[in-house]
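Shown next, in structure tokens, is the structure this report addresses.
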Amino acid sequence: MNLLGDAYAMLGRHLRSSVRMPVWVVVELIQPAIWLVLYGQLFRSVALIPGFTGGSYIQFLMPGIVVMDSLFGAAWAGMGILTDLDRGVLDRLLTTPASRTGIILARVLHSAVVVAVQTVVVVVIALMVGARLGGGVEGAVLLLVVAMLEAAGFAAASNGLTLLVRREETFIAVLNLFTLPLTFLSATLMSQSLMPGWMRAAARFNPVNWAAHAARLATSRPAALGPALPYLLPLAGFALVAGAFATWAFSVYRRAT
């Protein structure tokens, strides 16, 4: 109960901090909409390529933008810890009886909540330009679950990485090294059937690809939970492993200080 109570209290702090920055709120809500419009127009002819599966490209793209937005939003979550490290906030928290796991959990939940709001924005705009939610209400809920699971995993990994490197330059370099390859080694923007064989093989082990397939099933067919489970379960496992990594990294930071 102490863990959940502390996580809830600190989650409120993070959410209030986000709302107090109007520019951040606008950027976080508008950016996925811009991606949807730009990518939708730029790659719309992809749907004409023989072998492409997914109907219209905007229908194919909607879950892809949700997944991509979840990745990029959560991957930068570690910047918040860097700010707290520079200002001494994290060290002051360690002098309190607050749950150490709760400190990390609050940051992970914050990323998941922000991604959930962004997902709603993307879906609304996509529906306005011709996309459809084939899974209905259940599909919409499943899409939110997929986005939040992905965000939780990458936010935890980002926070853990930050606590290990503790330098902005190193953090940004590592982040840039992995985020774009993870995006392109997935079915986020392109049908997996059109990928080269080696990319399809690599995509099997990519959490972003798991999220892309699960999200696409949520939006393209009714009763999508069953077919999505082979992707949801490893995605949940990734989130748990990343959470364990972040907790371990926090213990390493505490011993070092």
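What follows is calculated from the coordinates using simple rules that are stated; it is not laboratory data. Predicted model only: the values in this text are computed from it and were never measured. So basically every Cβ, Gly included, is an ideal-geometry build from the backbone, and we count neighbours across all protein chains shown.
Results, tabulated for the structure shown:
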read-out	value
From the C-alpha gyration tensor of the stretch 97-143, square roots of 5λ in Å	32, 11, 5
Separation in nanometres of the label points that stand 7 Å from Cα toward Cβ, at R200 and F184	2.0
HN-Hα J in Hz across the stretch 139-151 - Karplus 6.51, -1.76, 1.60, θ = phi - 60°, x for Gly and Pro	x, 5, 5, 5, 4, 5, 4, 4, 4, 6, 5, 4, 4
Vicinal HN-Hα couplings computed from phi for the stretch 170-187 (Karplus, 6.51 cos²θ - 1.76 cosθ + 1.60; Hz; Gly/Pro x)	5, 4, 5, 4, 5, 4, 5, 5, 10, 5, 5, x, 5, 5, 6, 8, 8, 8
Rotationally averaged projected area of the stretch 37-158 (alpha carbon convex hull; nm²)	9.2
Contact order normalised by residue count of the chain, Cα under 8 Å, 6+ apart, percent	27
Proxy reagent accessibility, fewest Cβ within 10 Å first, across R167, R132, R216	R167, R132, R216
Candidates G12, G130, G153: whichever shows maximal mean-square fluctuation once the chain is modelled as a Gaussian network with Cα springs under 10 Å	G130
Reciprocal mean inverse distance between Cα atoms of the stretch 210-257 - Kirkwood radius, Å	12.5
Estimated inter-spin distance, V241 and D86, nm [label 7 Å along Cα→Cβ]	3.2
Inter-site label distance for A116 and I34 at 7 Å from Cα along Cβ, in nm	2.7
Order of I49, I104, I125 - criterion: other Cβ atoms within 10 Å of each residue's Cβ, fewest first	I49, I125, I104
Sites S45 and L229 - FRET efficiency at Förster radius 45 Å, r taken between beta-carbons, to 0.05	0.85
Rounded to whole Å, sorted largest first: equivalent-ellipsoid semi-axes of the stretch 151-257, Cα gyration tensor	30, 17, 10
The chain: most fluctuating residue of A126, A173, A228 per GNM, C-alpha cutoff 10 Å	A173
Cα convex hull of the stretch 102-181 - mean projected area over all directions, nm²	6.7
Kirkwood Rh, Cα atoms: Rg over Rh of the chain	0.99
Debye equation applied to the C-alpha atoms of the stretch 1-87, log10 I(q)/I(0) at 0.19, 0.22, 0.24, 0.26 Å⁻¹	-0.95, -1.12, -1.22, -1.29
Backbone HN-Hα couplings from phi across the stretch 87-92 [Karplus 6.51/-1.76/1.60, Hz, Gly and Pro as x]	8, x, 5, 5, 5, 5
